[in-house]
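One structure is given here, and the rest of the page talks about it.
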């Protein structure tokens, strides 16, 4: 859960790097929260009001962690726009997101994995 909250605390931070674990744990908790929002909407009969509000609230944090994840692989945040290409863009972006980050400092900052190394 702290992965989700850490991303929300960095609401609109687009610089730096994000580990795979940070991105995918955020994605998991985001999916769970979105399902809860949809169920809540359906129970209350307000569909899609709560869901839309939730998605608007997490738009910037989601973009921020996505850009930081791309930075970890050594790519510019502008690669996000590549997802606009049907199928091929989404698949390519998914490959970038599951790829291991650069093991050393790059143009976007130090290796975030080294910060979490066991002592």
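Readers should treat all values here as calculations from the given coordinates under stated rules, not as data from a laboratory. Bear in mind that the values here come from a model prediction, so they are computed numbers and not experimental data. Reconstructed Cβ throughout: ideal geometry from the backbone, glycine too, with neighbour counts over all protein chains shown.
Laid out as a table, the results:
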{"quantity": "Enumeration of residues in the range 88-100 that are in contact (Cβ under 8 Å) with a residue 40 or more places away in the chain and assigned to a helix (DSSP H, G or I)", "calculated": "97, 98"}
{"quantity": "Residues that are in contact with a strand residue (DSSP E or B) (Cβ under 8 Å, 6 or more places away or on another chain) and surrounded by fewer than 19 Cβ atoms within 10 Å (Cβ to Cβ), drawn from the range 32-89", "calculated": "74"}
{"quantity": "Residue check for residue 109: over 21 Å from residue 31 (Cβ atoms), touching a strand residue (DSSP E or B) at 6+ places or on another chain (Cβ under 7 Å) and surrounded by 11 or more Cβ atoms within 10 Å (Cβ to Cβ)", "calculated": "no"}
{"quantity": "Members of the range 48-87 that are in contact (Cβ under 8 Å) with a residue 60 or more places away in the chain and either part of a loop (DSSP other than H, G, I, E, B) or more than 15 Å from the chain's Cα centre (by Cα) (or both)", "calculated": "none"}
{"quantity": "Any chance residue 103 is without any contact (Cβ under 8 Å) to a residue 40 or more places away in the chain and either over 15 Å from the mean Cα position of the chain (by Cα) or outside any helix (DSSP H, G or I) (or both)", "calculated": "yes"}
{"quantity": "Residue 33 under 18 Å from the mean Cα position of the chain (by Cα), farther than 22 Å from residue 3 by Cβ and either outside any loop (DSSP other than H, G, I, E, B) or touching a residue at least 60 places away in the same chain (Cβ under 8 Å) (or both)", "calculated": "no"}
{"quantity": "Answer residue from the range 11-30, given it is outside any helix (DSSP H, G or I) and touching a helix residue (DSSP H, G or I) at 6+ places or on another chain (Cβ under 6 Å) and is surrounded by the fewest Cβ atoms within 10 Å (Cβ to Cβ) among those", "calculated": "12"}
